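I have placed the structure first, in the form of structure tokens, so that the comments after it can refer back to it.
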Amino acid sequence: MLSSTAVEVAGLCVRRGGRRVLRDLSFSVPEGAVVGLLGPSGCGKTTLLRALVGVQRIESGRARVLDREPGAPELRRQIGYVTQAVSVYRDLTVAQNVRYFAALQGADAREVAEAVDAVGLTDQADQRVERLSGGQASRASLACALVGDPQLLVLDEPTVGLDPVTRESLWAHFRGLADRGVTLLVSSHVMDEASRCDSLLLMREGRLLTQLTPAELLQRTGAATPDEAFLRIIREQDTREAQGEPA
Ligand SMILES: Nc1ncnc2c1ncn2[C@@H]1O[C@H](COP(=O)(O)OP(=O)(O)OP(=O)(O)O)[C@@H](O)[C@H]1O
């Protein structure tokens, strides 16, 4: 089967607060892939995701998402976006929140139940969000993005603050979605999540250092873990820059 491109970015530059925070990014993401966006805090992961969902002004360069301009109205039903901030109504129950987003997407009751189940909140479905733990509330937010079968999921650090068992089951769910052709772009600064992805975008200080598979990352650096591999890539880059070579 020929795979098409879900996200295509070329020479993307973004400024925030008068400072350039994304510098000349170029990459593409095939449909049905789980792509990890990894890099240190402040390197620009959230800004890139914001640019792709159309809520961040692009200074120059080009981004295409599901063959449209970011923010195109047609994309609203096709993209699920979860920010780092929990974005659900705290005085509504989990199910009421998901039903609300389902109504916007034209999804039915079965899909609501599936989304709640996917994030492991079936037992809490009738509890108000304000009575949930922080991790449960962020899973409620995730359920709202999952409902309605989006073709592209843009998830900004969806596993922060989650226990290992919940993280494991969420990643299994992400894999199941990708197997059905959904594309997932998932940011994280937990490097051990790299091995869950088909492809990795490694960022540092607003630049894309490299795009490669988890196996290539380990092979190329000779490191035993993704954490160590990332550090080696950063050291290599520092050495090249110190020697006056382009980054
Ligand atoms: N509202 C804003 N106004 C101005 N600058 C901002 C704003 N938000 C973020 N920045 C700057 O943009 C840069 C990239 O921030 P961004 O939030 O994209 O990083 P990140 O990699 O997602 O970080 P983290 O992993 O901590 O969430 C940072 O230097 C940050 O200070």
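Send over a whole-number figure in Å² for the accessible area per residue of the chain, probe 1.4 Å.
On the way: 12150 Å² over 247 residues.
Heavy-atom accessible area per residue stands at 49 Å².
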Task: Cα lying deepest toward the dipole's positive end in segment 1-120, options VAL86, ALA107, ALA10, charges on Cβ - done: ALA10
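How large, in percent, is the carbon and sulfur part of the accessible surface of segment 1-135 at a probe radius of 1.4 Å? Walk me through the intermediate numbers first.
Numbers: 3230 of 7200 Å².
So the carbon and sulfur contribution to the accessible surface is 45 percent.
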Task: Length-normalised contact order of segment 107-201 in % [C-alpha pairs under 8 Å, at least 6 apart] - done: 28 percent
- [ ] Please turn the phi angles of segment 201-209 into ³J(HN,Hα) values with the Karplus equation 6.51 cos²θ - 1.76 cosθ + 1.60 (θ = phi - 60°), one per residue in order, whole Hz, x for glycine and proline.
- [x] 10, 9, 10, 8, 6, x, 10, 8, 6
Open item on the list: With unit charges on the beta carbons (Lys and Arg positive, Asp and Glu negative) and the dipole taken about the Cα centre of the chain, which residue among VAL21, LEU37, GLN124 sits farthest to the positive side?
Closed with: VAL21
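Over the chain, what is the relative contact order in whole percent, taking alpha-carbon pairs under 8 Å and six or more residues apart? Please list the in-between numbers first.
On the way: 461 pairs, mean separation 60.6, N = 247.
Across the chain, relative contact order equals 25 percent.
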- [ ] Would you kindly derive the ³J(HN,Hα) couplings of segment 194-200 from the backbone phi angles with the Karplus curve 6.51 cos²θ - 1.76 cosθ + 1.60 (θ = phi - 60°), listing them in order in whole Hz, with x for Gly and Pro?
- [x] 4, 5, 7, 9, 7, 8, 10
Task: Distance (nanometres) between label positions extended 7 Å along Cα→Cβ at GLU130 and ASP227 - done: 3.9 nm
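The values are calculated or read from the model by the stated rules, or taken from the named source; none is laboratory data. Just so it is clear, the model here is predicted, and its values are computed rather than measured. Reconstructed Cβ throughout: ideal geometry from the backbone, glycine too, with neighbour counts over all protein chains shown. Quick note on the areas: whole protein, heavy atoms, side chains included, nothing else; ligands and nucleic acids left out. Shrake-Rupley method; radii C 1.70, N 1.55, O 1.52, S 1.80 Å.
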